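Here is the structure we will look at.
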Amino acid sequence: MKKTIIVSILLLLGILFEISSQTQDKELAHLYAHHAWNAYVNEKWPEFRDLTLKGFEYDELNPDLLTFRGLESRRAGHYQEASDWFSKAYYSGFQPEQVNTIDILGWLFEVQYRLGYDEDLVFLYFSSNELMRDNPDILFYTVLSLQRQGNFTKAIELAAEGVYRFQDQRFLILLSSWTPESYYPGILSEYIRRQGILYPDLMARTILSPECKNSRSLAALYLEQYQDLNSWYFREILFELPSEAGAVLDFTDSERVWPLLSLQMYIQKNPDIGSLMHRITRISLDSTGDGIADFFLRKSDNELEWMIDPDQDGIIDSHLKWNESNQLMEILYQDVRSLHHLYYYNYPYLDRIIINGENRNQREYRYLPGSFEYPLIEAQENLHVSLLLHPEKIKMINFPESEILRNSFSLIDSVTIPRISPFREYTVVDGMIRRFREDSNFDGQFDRVVLLNDWLPFEGYRDIDGDGEFDLKEKYVSGRFSGFEYEGEMGRLEEIQDLWNRRRFQLWDFSKDGFYNALLEQKDDGSWVERILDTKSGQQ
């Protein structure tokens, strides 16, 4: 009996110890996940990867860490791996702490769309509950997959839902290319009723028109190359050269300045330089033969950065960043007056351009995938090899900012106060600004909207009390502010500015019954003269 009791106690202690160990491991995994997410938010990629892998050693079922593995694969362009990791995280049965489950599903939809898994994606969307669908990206990729399957009716229905639910301009762009003009008014009236914000001409209807002759437009790209309405959004991953066996020169000496010619000779024999990049952290190259390094290759985690100093003044003039699949991801270069940061969706097509000017301001231009090209050279395949063999051909195209604006669909203007904060977001249609939203008090919420025609404002709206509803309507004459209408607790006010005679009038309707009770006129000295009106006749 005593032996039985002792054995039972030992078994119980063993179970408790195992539970305690597992609990401790899970807590450590949660801790690593917390710090890994902070590293991800701050774009500290090596630290993000190391913390994720370390936490994964303690708990391979942690949904946050599974998600982070997926984000790492997605960033490297390994979409199948990313899909597998996101699926494990989503179906793990555990609740993540650092990210939202709906965000995991959004990333899963993106990579599955890139992989062409339209049937699986559509099935997952309609089998998910309504709460899990409350994400514009999830709906957007579902709409594109339905369109790619040929189910236009359902795609149009869900695109209209995207306008109603999320006020996302991407759905308006899709509808403008898929539906006749008779379908627009209903969408616009509903959109205005809910938000009071108008997208004139339904954004990119002109550049998506089959009659468009602009070679840079999405419509021309569709007609000339792919015969696929959705081709502007997604292109196949760049071709990867197979690795070849060959002698590897000792480029691992990071202190030495290597002749660029020696690296070029190696590349000609070994076009896939992946094996070399795994061995080195930094290569300093001399492209002119004078012994001075002016071309640097630096590896950081799964990225390779090129730094080029053609004038040999010790200041890097341009940066090129590549992922481990040899896809060009970013370009950073300085011109005379500003710093340009270019992000590619899929080379040579840009995702966005950020320009930092001299006056502590920042402008971010955004592009629909496939709408704006920024090629470095004519070569499309094996770009990294072509540029290494002919670095003298790397020329930054200084597009006029008017050209950068003309091809965009959105411009975000930010200022430093003391950190970068968005001030205005402009909507661009056919190269012209048609609308802007403004955060006038920098509280993170847009509280003003102005509509423009031929670059001149003609109507505006303001949210005075910050409740999300527009309280004040601005009026313009020939682009100049001419007055406003405001309705608040004290009544309804209409102010009229006589621009020619420089006079201001205010009409007050205190009871909000449609009849004016008082007329105020501003005198030259700034004082106001009040006249009481008869509420029925409108006379004094």
Collect the residues in region 475-492 that are of a type in the set (A, V, I, L, M, F, W, C) and more than 40 Å from the chain's Cα centre (by Cα), keeping them in residue-number order.
Met490
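Need at least 2 residues that are within 20 Å of Asn135 (Cα to Cα), of a type outside the set (Gly, Ala, Ser) and touching a helix residue (DSSP H, G or I) at 6+ places or on another chain (Cβ under 6 Å) per element, so show me which helices (runs of 4 or more DSSP H) inside region 16-109 make the cut, counting only ones lying wholly within it.
63-75, 79-90
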Suppose we keep only residues that are at pLDDT below 85 and under 23 Å from the mean Cα position of the chain (by Cα) within region 365-395. Which one would you say is farthest from Pro348 (Cα to Cα)?
Leu368
Restrict the check to region 507-523 and report whether at least one residue is modelled with pLDDT of 80 or more, under 28 Å from Arg424 (Cβ atoms) and not polar (S, T, N, Q).
no
Filter region 240-252 for residues that are farther than 19 Å from Leu383 by Cβ and within 39 Å of the chain's Cα centre (by Cα); the one that is modelled with the highest pLDDT is Phe251
Does Asp50 qualify as being of a type in the set (Asp, Glu), over 25 Å from Tyr345 (Cα atoms) and surrounded by fewer than 23 Cβ atoms within 10 Å (Cβ to Cβ)?
yes
Residues (more than 24 Å from Arg366 (Cα to Cα) and touching a residue at least 60 places away in the same chain (Cβ under 8 Å)) located in region 307-342
Ile308, Glu324, Ser325
Here the residues within region 344-399 that are among the small types (Gly, Ala, Ser) and assigned to a helix (DSSP H, G or I) are Ser386
Filter region 508-522 down to residues that are within 48 Å of the chain's Cα centre (by Cα) and of a type in the set (D, E, K, R) and give me whichever is nearest to Leu493 (Cα to Cα).
Asp509
Any residue in region 114-125 that is among the acidic types (Asp, Glu), part of a loop (DSSP other than H, G, I, E, B), within 23 Å of Arg170 (Cβ to Cβ) and free of Cβ contacts under 8 Å to residues at least 60 places away in the same chain?
no
Among the residues of region 137-144, is any farther than 16 Å from Trp107 by Cβ and either surrounded by 15 or more Cβ atoms within 10 Å (Cβ to Cβ) or not assigned by TED's automatic domain parsing to the domain that holds Phe109 (or both)?
yes
Inside region 327-338, can you point out the residues that are surrounded by fewer than 16 Cβ atoms within 10 Å (Cβ to Cβ) and over 13 Å from Glu401 (Cα atoms)?
Gln334, Val336
For region 382-402, check the following and say yes or no: at least one residue is in the same structural domain as Gln334 (by TED's automatic domain parsing), hydroxyl-bearing (Ser, Thr, Tyr), surrounded by 14 or more Cβ atoms within 10 Å (Cβ to Cβ) and out of contact with any Ser or Thr (no Cβ under 8 Å at 6 or more places or on another chain).
yes
Among the residues of region 127-139, how many are at pLDDT below 90 and in a helix (DSSP H, G or I)?
6
Search region 277-313 for residues being assigned to a loop (DSSP other than H, G, I, E, B) and modelled with pLDDT of 85 or more, and hand back the single one that is surrounded by the fewest Cβ atoms within 10 Å (Cβ to Cβ).
Asp309
Out of Asp309, Asp335, Asp313, which single residue is charged (D, E, K, R) and touching an Asp or Glu at 6+ places or on another chain (Cβ under 9 Å)?
Asp309
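The values are calculated or read from the model by the stated rules, or taken from the named source; none is laboratory data. Owing to the predicted nature of the structure, the values given are computational and were not obtained by experimental measurement. Cβ atoms come from the backbone with ideal geometry, glycine included; neighbour counts cover every protein chain shown.
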